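All remarks here apply to the structure that follows.
The values are calculated or read from the model by the stated rules, or taken from the named source; none is laboratory data. Keep in mind it's a predicted model, so treat the numbers as computed, not measured. Every residue, glycine as well, gets a Cβ built from its backbone with ideal geometry; the counts of neighbours run over all protein chains shown. All accessible areas refer to the heavy atoms of the entire protein, side chains included, with ligands and DNA or RNA removed. Shrake-Rupley method; radii C 1.70, N 1.55, O 1.52, S 1.80 Å.
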Amino acid sequence: MKDILALFQLARREKKLLILSFVCSAFVGFFTYVFVNLVQPIMDKLFQLSPGQAGPQKARFMDTVFRALGINETQLVKLLPLLVLVAIFGKGLFTFLSSYFMKGVGHRVVKRLRDDLFTHLVYQSNSFFDRMLTGDLMSRLTNDVDKIHQAISGSMADFIEELFILLALLVGVFVIDVRLAVVSFVITPLAVIPLALFSRQLKKKSLVGQRKMSEIYGLLHEAITGNMIIKAFTSEEFEIKKFLRATASYFRTNMKLAWIGSLSSPFMEFIGGVVGAFILYVGTRRITQGVISPGDFGAFVMAIFMMYTPINRLNRANNVIQQAVACHQRVQELLAVAPQIQDAPTANPLPSIQGRVTFDRVSFCYNETRPTIVDISFEVGRNETAAFVGLSGAGKTTIINLISRFYEPTSGTIMIDGIDVREVTLGSLRSQLGLVTQETILFNDTVRNNIAYGLGDVPFERIIAAARAAQAHEFITALPQGYDSPIGERGGLLSSGQRQRLAIARALLKNPPILILDEATSALDTESERFIQIALANVMKGRTTLVIAHRISTIRNADRIFVVDCGRIAESGTHEELYGLNGIYRKLYDLQFPEGEEAIP
Ligand code: ATP
């Protein structure tokens, strides 16, 4: 019951519709009550009590209603069919209304849940995405939310309505004959115990099922995004085997679920049959004793048999709701993760900056086992270009990611123009930083919208100017629809050099005082490389630039070069100074230009 209430909690913001659905369900219960009770006068009138046989002395529900409506004995026989129609029509009308309102609640709840989840995800910090699997997230956002939808829109409506019907029928049987009702329900707990057992098992197994479904989504996602690598390593069979193992495991869990789900209905039905036979035996004795009329007994039996549908549907609804409760738990788990990096309560917007970046004894680790950045201090002045070089995995990307606050240092301070970045709002900080990442991140949209991403309405001339400076204008105009050409998922319709130039155009258009550039490692042909070099030189002009350079040629003219080694700054200085030092930088240089050949100009 606590779980169902938790689902109801989700719907509490739709109070109006919920109340309407409740009221309509109460009317469904009322018309069910009238319908059942109509059986009594019908049977007693149509199968007239034999003259010597007196009926029970108490006033029945329908006797009271007929007296209130001023309907006498002779009118009654004519009116009975009409009353049956009214009761059935009333029940149908309110069933429709309650179901319609509840479906409305479901659609609204699920829309809000999806929107909340997406908003929550977008604001999550990088560490969250490092930890979570994309497939698992997708599964929670689609599969789990769908299950909750089914439960609220369908089963919850059934649940409320059938509960009211059951209540009406229960009141009906107790009013007709308390003793017969009590005797009948002595064996009811028989039905409740297995129902509880079935529910528990179903909930447990469906949680396992959802987890396995997440794994399948994960494998699917990897197979789609990593399809090229799978082909390159001819590991199709290995991937297929992994997938088959996951689906087989999901299948086994589903079959267990099917076993429990399928058994519960016939089992409940059998118990219903036992109850029916018992009632027939006791009821006939009560008629012979003159406590109830045959009409009363007819209504009683009708009510008992009509209980079968709501109990059965309650059981079915309960199964769906239990599965949804498990899904709800998974969704709540996700919503409970607060973004690790948020605006401090006292944060102010960062004023317009000059572009001085200071690291003061900054350390950082992704996990407790090993520090990634150790005690780094440096300063990059306004409009200076600082380059970071070092072996792969030395910690260069980590250093620059700390400036945008994608991660938070474990100790030390990062300042921009002397202001601690933790004391300003994330939005105001990031809006003044330009970022060109190693892996070019583009969206499935047109070239134009990708260049102007996040900037709203930008005059077309400015977009073209940025593209020209980024050496991208020519290839863009050669595309079938020019600037309006779609570039495919993650820019898949473009070459990697073209993607990089689009990303540079985007940074140029934003025109940030500080530019952070993680140079792409992918090898480009000389022609593309030359284009990129010109584009980069353009983008670095007149702003503070922090660049991670994989090609020394990019940074020969940098004001300062920092050599990163095992998370520390091992050397720093200009190209000439470092070359003369004969240290790590010299080794890196000699590795790139073994015969002292010159960098591409
Ligand atoms: P490259 O030149 O190959 O891009 P890098 O110098 O930029 O390398 P980083 O990406 O900063 O190196 O990585 C530094 C260390 O931190 C590496 O040992 C890497 O394995 C680890 N690392 C990087 N990102 C994460 C992450 N998200 N979670 C845990 N460890 C990470």
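Data for the structure
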{"item": "Interchain or long-range residues, amide H under 5 Å from T385's placed H", "result": "T545, D559, R560"}
{"item": "Heavy-atom surface of the chain, accessible at 1.4 Å and reported per residue (Å²)", "result": "52"}
{"item": "Cα-based Rg of the range 357-596 normalised by 2.2 N^0.38 Å, two decimals", "result": "1.03"}
{"item": "Equivalent ellipsoid, the range 296-384 (semi-axes from 5 times Cα gyration tensor eigenvalues, Å)", "result": "67, 18, 9"}
{"item": "Carbon/sulfur fraction of accessible area - the chain, other protein chains in place, 1.4 Å, %", "result": "61"}
{"item": "Lys/Arg +1, Asp/Glu -1 at C-beta; the chain dipole; positive extreme among N538, V105, A466", "result": "V105"}
{"item": "Rg followed by Dmax, in Å, when the range 209-256 is reduced to its Cα trace", "result": "11.8, 39"}
{"item": "Protection-proxy order for peptides 507-514, 363-370, each taking the mean of Cβ atoms within 10 Å per residue, highest first", "result": "507-514, 363-370"}
{"item": "Length-normalised contact order for the chain - Cα pairs under 8 Å, 6+ apart - percent", "result": "15"}
{"item": "Between helix 156-176 and the chain: long-axis angle, C-alpha atoms, 0 to 90°, nearest 10", "result": "20"}
{"item": "Residue-count net charge about G104 - beta-carbon cut-off 12 Å; Lys, Arg +1, Asp, Glu -1", "result": "+3"}
{"item": "Kirkwood Rh and Cα Rg combined as Rg over Rh, evaluated for the range 95-152", "result": "1.14"}
{"item": "For Y366, distant residues with modelled amide H under 5 Å away", "result": "T372"}
{"item": "Two-decimal ratio, the chain, of alpha-carbon radius of gyration to 2.2 N^0.38 Å", "result": "1.47"}
{"item": "Principal axes of the range 348-486: Cα extent on each, largest first, Å", "result": "51, 35, 25"}
{"item": "Chain lengthening between M138 and L244 when straightened (0.36 nm per residue, less Cα-Cα)", "result": "36.2 nm"}
{"item": "Length added when fully stretched, R285-N582, from 0.36 nm per residue minus Cα-Cα", "result": "95.9 nm"}
{"item": "Dipole moment magnitude, nearest 20 debye, the chain about Cα centre, only Lys, Arg, Asp, Glu C-beta charged", "result": "2720"}
{"item": "Chymotrypsin sites (Phe, Trp or Tyr not before Pro) within the range 433-470, DSSP loop, no more than 14 other Cβ atoms inside 10 Å", "result": "F443"}
{"item": "Residue-wise HN-Hα coupling along the range 309-314, computed from phi with Karplus coefficients 6.51, -1.76, 1.60 (Hz; x: Gly, Pro)", "result": "4, x, 5, 5, 6, 5"}
{"item": "Under-5 Å amide H pairs with A472, H placed in peptide plane, nonlocal only", "result": "none"}
